[in-house]
Amino acid sequence: MTAPLIDPFARAITYLRVSVTDRCDFRCAYCMTEHMTFLPKAELLTLEELDRLASAFIRLGVEKLRITGGEPLVRKGIMTFFEAMSRHLATGALQELTLTTNGSQLRKYARDLAACGVKRINVSVDTLNDTKFATITRWGRLPQVLDGIEAAREAGLKVKINAVALKGFNEDELFTLTEWCARDHHDLTFIEVMPMGDMGEAHRLDQYWSLDDLRAQLATRYTITDLADRTGGPARYLCLNETGQRIGLITPLTHNFCESCNRVRLTCTGELYMCLGQEDMADLRAPLRASPDDAVVEHAIRAAIRHKPKGHDFDYSRQVVAGQTRRHMSHTGG
Ligand code: SAM
Ligand code: SF4
């Protein structure tokens, strides 16, 4: 029996996020600059190499795999990777295979995803206003995303909407977004904007809308019950009694959740980030390419987990941005 992956703070690592590309067909204002420089394609791990790495993690006890990016569905041949990963669902080694997507390619891929055993997906939608959507994503079009969500539902996928809480941008849509999700039976999670990638300090602080404030605004219309549910992830949940909806709040700024962190993140070049909010990473590409022996890779993974830090240092409370990472969110995968 393989020993589980346990980090220095006694947290079991059972969840891997894999960013399969740093590229995207959108340029969300809080995630990327308008003119991003992407990695040369030659730097990327092949899908076969990503398979070898992800499979090594699964042998070491990872039970949940989330495919992300950049936009995962723009990576060429990505369905081959999902098909390959579905074999781990079939053996029971993997409990969940899922993805986070901007939804633009779902009409094309939703059925294939369902056929690979994907049951739930996260789709990012920050606004339901066409014009605002085009502004915040720079390159995205809302009708295409809504059609993608519809395709996902038709394929039997459960959809969770992720919305980044953005001051002065979607504050006025809090109830619209909530009611839309209630009506269409989507789960909904709000996320505080994190200081990842240099967007200019003033800009980041201007974007930040605390979820404590968002919760207070929800309480003006709904009776809120805080739920004890923790899915091992960063979200805390509350229930709106009037609709029965469960809403997730991801609050890296107002309430640190690192003590229960169960995850690590692999980039498309084989860098393993033990924490989203720290710069420290381990290169898994070198050991992967150095030897066909998977024991070499497993050894490198165990060594990396021994360096998982206690938590991130994001902080805006002094009206300056602290703990910012040089990497954009699209590099590590959200
Ligand atoms: N392209 C896919 C998407 O947008 O869902 C997957 C990758 S994206 C980086 C993953 C999630 O990170 C999205 O929900 C996005 O809104 C969120 N995100 C990006 N930049 C962020 C930031 N600076 N702070 C908080 N969330 C961010
Ligand atoms: Fe692309 Fe997702 Fe980043 Fe938006 S949040 S630019 S969709 S990677």
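The values are calculated or read from the model by the stated rules, or taken from the named source; none is laboratory data. Here the structure is a predicted model, which means the values were calculated and not measured. Because the Cβ atoms are built from the backbone with ideal geometry, glycine has one as well, and the counts that use them run over all protein chains shown. What goes into the accessible areas is simple: the full protein's heavy atoms, side chains included, and nothing from ligands, DNA or RNA. Shrake-Rupley method; radii C 1.70, N 1.55, O 1.52, S 1.80 Å.
Out of Arg289, Arg236, Arg230, Arg306, one residue alone is open to solvent by 40 Å² or more (accessible area, probe 1.4 Å), touching a Leu at 6+ places or on another chain (Cβ under 7 Å) and either more than 25 Å from Asn162 (Cα to Cα) or modelled with pLDDT under 95 (or both). It is Arg236. When Leu47, Leu39, Leu60, Leu73 are checked against the criterion of being within 30 Å of Lys132 (Cα to Cα) and out of contact with any strand residue (DSSP E or B) (no Cβ under 9 Å at 6 or more places or on another chain), Leu39 stands alone in meeting it.
Taking the conditions (1) in contact with a helix residue (DSSP H, G or I) (Cβ under 9 Å, 6 or more places away or on another chain); (2) in a helix (DSSP H, G or I); (3) farther than 13 Å from Ser19 by Cα in turn, Leu94 satisfies each one other than (2).
Does Asp206 satisfy the criteria of being modelled with pLDDT under 95, touching a Ser or Thr at 6+ places or on another chain (Cβ under 7 Å), in a helix (DSSP H, G or I) and open to solvent by 70 Å² or more (accessible area, probe 1.4 Å)? For Asp206, the condition - modelled with pLDDT under 95, touching a Ser or Thr at 6+ places or on another chain (Cβ under 7 Å), in a helix (DSSP H, G or I) and open to solvent by 70 Å² or more (accessible area, probe 1.4 Å) - is not met. The number of residues in the range 117-147 being open to solvent by less than 60 Å² (accessible area, probe 1.4 Å) and either within 12 Å of ligand 2 (Cβ to nearest atom) or modelled with pLDDT under 95 (or both) comes to 10. In the range 37-54, the qualifying residues are those that are part of a helix (DSSP H, G or I) and touching a helix residue (DSSP H, G or I) at 6+ places or on another chain (Cβ under 7 Å), and the one that is nearest to Asp283 (Cα to Cα) is Leu53.
What number of residues within the range 67-80 satisfy the criterion of being open to solvent by less than 10 Å² (accessible area, probe 1.4 Å) and within 11 Å of ligand 1 (Cβ to nearest atom)? Of the residues in that region, 6 qualify.
Confirm whether Glu34 is away from ligand 2 (no atom under 16 Å from the Cβ) and either under 26 Å from Ala114 (Cβ atoms) or in a loop (DSSP other than H, G, I, E, B) (or both). No. Of the set (1) within 16 Å of ligand 2 (Cβ to nearest atom); (2) not in a loop (DSSP other than H, G, I, E, B), all apply to Ala84 but (1).
Residue-level check: of (1) open to solvent by 10 Å² or more (accessible area, probe 1.4 Å); (2) assigned to a helix (DSSP H, G or I); (3) within 16 Å of ligand 1 (Cβ to nearest atom), Arg215 misses just (3). Pick from the range 9-31 the residues that are surrounded by 16 or more Cβ atoms within 10 Å (Cβ to Cβ) and outside any loop (DSSP other than H, G, I, E, B): which of them is nearest to ligand 1 (Cβ to nearest atom)? Restricting to residues being surrounded by 16 or more Cβ atoms within 10 Å (Cβ to Cβ) and outside any loop (DSSP other than H, G, I, E, B), the top hit is Ser19.
The C-beta contact set for the range 96-109 (first residue within 11 Å of ligand 2 (Cβ to nearest atom), second residue of a type in the set (Asp, Glu) and in a loop (DSSP other than H, G, I, E, B), distance under 6 angstrom, 6+ apart or interchain) comprises Asn102/Glu71; Ser104/Asp25.
Is there a residue being among the aliphatic types (A, V, I, L, M) and either open to solvent by 20 Å² or more (accessible area, probe 1.4 Å) or in a loop (DSSP other than H, G, I, E, B) (or both) anywhere in the range 167-178? No, the range 167-178 contains no residue that is among the aliphatic types (A, V, I, L, M) and either open to solvent by 20 Å² or more (accessible area, probe 1.4 Å) or in a loop (DSSP other than H, G, I, E, B) (or both).
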